[in-house]
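First the structure, in the form of structure tokens, and then the observations on it.
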Amino acid sequence: MRASLSALERYDRSAEAAAAQVMRHYSTSFSLATRLLQPQVRTDIRNLYAMVRTADEIVDAGLPPHDAAALLDAYEATVRAAPAQRFHADPIVHAYALSARRCGFEDAHVAQFFASMRCDLTRTAHTQASFDEYVCGSAEVIGLLCLSAFYSGRPYPPELDDGARRLGAAFQKINFLRDLHEDTTELGRAYFPTVPDPAHLTEPQKQELIADIRADLKVARAATARLPRGSRAGVAAATALFSELTDRLAATPAADIARTRVSVPPGRKAFLVSRAAVEAL
């Protein structure tokens with residue numbers, strides 16, 4: 001056994017630690033849920049998340065659209081070429097490349113994700129068709145990339161595709177509803193085609209969105225039981241956390257959602273993750 005890591009291996013670990021820090025900073029829910037994943041899967045999911053979050057921040061940072069578009073184009077080119085290169089000066093790209101090689105992330109999924117990010121720079125409202133396309137690229141294909149991580153690059157049962165897509169879609173729609181006020185007032189975006197005036201969300205509109213989200217979650221839960229044991233509890237925990245947020249949004253008056261940001265208290269999050277861990281035994 002070697003006494004120490006090589007310089008490149010030390011950098012690998014440093015880059016993966018940076019990716020984990022990105023997740024801890026931006027999402028306590030995902031950070032908690034990933035603790036229940038098998039260690040290598042946990043690392044790969046955090047590496048993927050950090051890349052996705054970086055792209056998302058490029059389009060949300062409030063830069064002039066031309067500058068943001070140029071940055072996003074450059075970042076996409078870097079990310080999509082990253083798996084073919086062993087070393088990257090950007091630690092997040094380096095960590096992502098490690099996982100992309102290990103898990104066999106499909107370039108077509110990554111390209112579709114960046115297409116949705118680019119849409120945020122040019123579109124402020126959606127038709128049903130453009131919304132479905134946006135959610136597919138921003139969330140559903142991320143679910144498929146997560147499947148590749150759960151199976152460590154091995155072929156996974158094709159019947160899991162729909163569950164992974166629906167879980168990604170549910171998470172995205174929940175975030176859109178929770179962040180309705182911020183997206184409208186700070187970013188000038190209206191994602192839901194059924195809510196043309198987000199500042200005046202109505203109760204029927206909210207209930208329709210909640211029903212759609214719950215339908216996605218139901219399909220996703222059925223697929224979770226068929227995931228590898230090392231991934232099942234983590235996915236169940238994330239699903240439980242977002243289901244709780246959905247229930248809280250359902251119980252919050254529509255007018256309040258349009259003005260405030262609903263969240264799950266830290267203690268409740270800890271309970272839900274602990275329960276998911278026990279139920280997975």
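Some points to look at:
- Among residues of the stretch 178-204 that are among the hydroxyl-bearing types (Ser, Thr, Tyr), those with a beta-carbon under 7 Å from a residue that is surrounded by fewer than 17 Cβ atoms within 10 Å (Cβ to Cβ) at least six positions away or on a different chain give the pairs 184/199; 194/208.
- From the list 218, 206, the lone residue that is modelled with pLDDT of 95 or more and surrounded by fewer than 18 Cβ atoms within 10 Å (Cβ to Cβ) is 218.
- The single residue among 50, 55, 100 that is within 24 Å of residue 232 (Cβ to Cβ) and either acidic (Asp, Glu) or touching a Phe, Trp or Tyr at 6+ places or on another chain (Cβ under 8 Å) (or both) turns out to be 50.
- On inspection, residue 156 passes the criterion of being touching a helix residue (DSSP H, G or I) at 6+ places or on another chain (Cβ under 8 Å), aromatic (Phe, Trp, Tyr) and at pLDDT below 95.
- Residue satisfying condition, being surrounded by 12 or more Cβ atoms within 10 Å (Cβ to Cβ) and without any contact (Cβ under 8 Å) to a residue 60 or more places away in the chain, within set 225, 255: 255
- Residues of the stretch 59-79 that are of a type outside the set (A, V, I, L, M, F, W, C) and surrounded by fewer than 15 Cβ atoms within 10 Å (Cβ to Cβ): 62, 64, 65, 66, 67, 73.
- Hits in the stretch 97-117 - residues which are more than 15 Å from residue 141 (Cβ to Cβ) and surrounded by 16 or more Cβ atoms within 10 Å (Cβ to Cβ): 97, 98, 99, 102
- Close pairs from the stretch 31-51: first in a helix (DSSP H, G or I), partner modelled with pLDDT of 95 or more and among the polar types (S, T, N, Q), Cβ under 7 Å, at least 6 apart: 41/231; 42/34; 44/99; 45/34; 46/34; 47/99; 48/99
- Tabulated pairs, the stretch 161-174, first farther than 12 Å from residue 246 by Cβ, second of a type in the set (Lys, Arg) and assigned to a helix (DSSP H, G or I), C-beta under 9 angstrom, 6+ apart or interchain: 163/221; 166/218; 167/221
- When the test is whether a residue is touching a helix residue (DSSP H, G or I) at 6+ places or on another chain (Cβ under 8 Å) and assigned to a helix (DSSP H, G or I), residue 211 does not pass it.
- Looking only at the stretch 157-201, and only at residues there that are outside any helix (DSSP H, G or I) and under 20 Å from the mean Cα position of the chain (by Cα), the one that is nearest to residue 263 (Cα to Cα): 179
- Apart from one condition, residue 262 fits all of (1) over 18 Å from the mean Cα position of the chain (by Cα); (2) closer than 18 Å to residue 180 by Cβ; (3) in a helix (DSSP H, G or I); the exception is (3).
- Count - residues of the stretch 28-46 that are within 21 Å of residue 175 (Cα to Cα) and crowded, with 17+ Cβ neighbours inside 10 Å: 8
- Subset of the stretch 229-247 (residues that are surrounded by 16 or more Cβ atoms within 10 Å (Cβ to Cβ) and either touching an Asp or Glu at 6+ places or on another chain (Cβ under 6 Å) or without any contact (Cβ under 8 Å) to a residue 40 or more places away in the chain (or both)): 240, 243, 244
- If the condition is being more than 16 Å from residue 24 (Cα to Cα), assigned to a helix (DSSP H, G or I) and aliphatic (A, V, I, L, M), then the stretch 52-61 contributes 55, 58, 59.
- Hits in the stretch 69-93 - residues which are within 19 Å of residue 112 (Cβ to Cβ) and small (Gly, Ala, Ser): 69, 74, 77, 81, 82
The values are calculated or read from the model by the stated rules, or taken from the named source; none is laboratory data. A quick note: this is a predicted structure, and the numbers were derived from the prediction, not measured. Cβ: placed from backbone, ideal geometry, glycine included. Neighbour counts: every protein chain shown.
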